[in-house]
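Notes for the one structure printed next.
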Amino acid sequence: MNNELKNKVETCCRTSEDFTRLYYASLDNRRHQMGRLYIDSATFSWNGNGAQGRETIERYFLELPSSRHQLTTLDAQPILDAAVGNQSTYIILASGTVKYAEQPMRNFQQSFIAGAIIIKSKNMCILVFD
């Protein structure tokens with residue numbers, strides 16, 4: 001693997017770990033801020049339900065029962081620059097367990113397509129598709 005590709009993969013992994021930590025902490029504790037993690041035109045799909053646009057997605061999250069997520073696996077890969085107009089973009093696959101309000105704990109898996117952005121000299125992600 002050449003150094004450029006190795007650096008992209010390492011950056012993707014670090015950024016995706018930081019992002020998923022923020023995403024699930026927000027989902028469990030700060031749902032009113034979930035919209036900040038999506039671009040304005042983002043698409044969201046969950047258990048056969050969908051939403052489009054940052055505000056609609058945030059409203060959807062606000063209607064869900066309280067939750068507690070435990071992430072157990074994470075895989076992240078950079079998408080080739082030519083496929084995404086040279087915008088650093090990652091596919092992130094996460095899985096673990098979730099407990100909603102009075103329901104039993106269950107397994108979950110989630111896929112994201114996230115564009116990398118730089119905030120205060122640190123790589124972060126913003127969701128394009130979830």
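Figures for the structure shown
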read-out	value
Å² of accessible area per residue within the range 1-105, as computed with a 1.4 Å probe and no ligands counted	61 Å²
Full-extension gain in nm, Leu74 to Glu17, via 0.36 nm per residue minus C-alpha separation	19.8 nm
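The values are calculated or read from the model by the stated rules, or taken from the named source; none is laboratory data. All figures in this text were calculated on a predicted structure; none of them were measured in a lab. Calculation scope for accessible area: heavy atoms of the full protein, side chains included, ligands and nucleic acids excluded. Shrake-Rupley method; radii C 1.70, N 1.55, O 1.52, S 1.80 Å.
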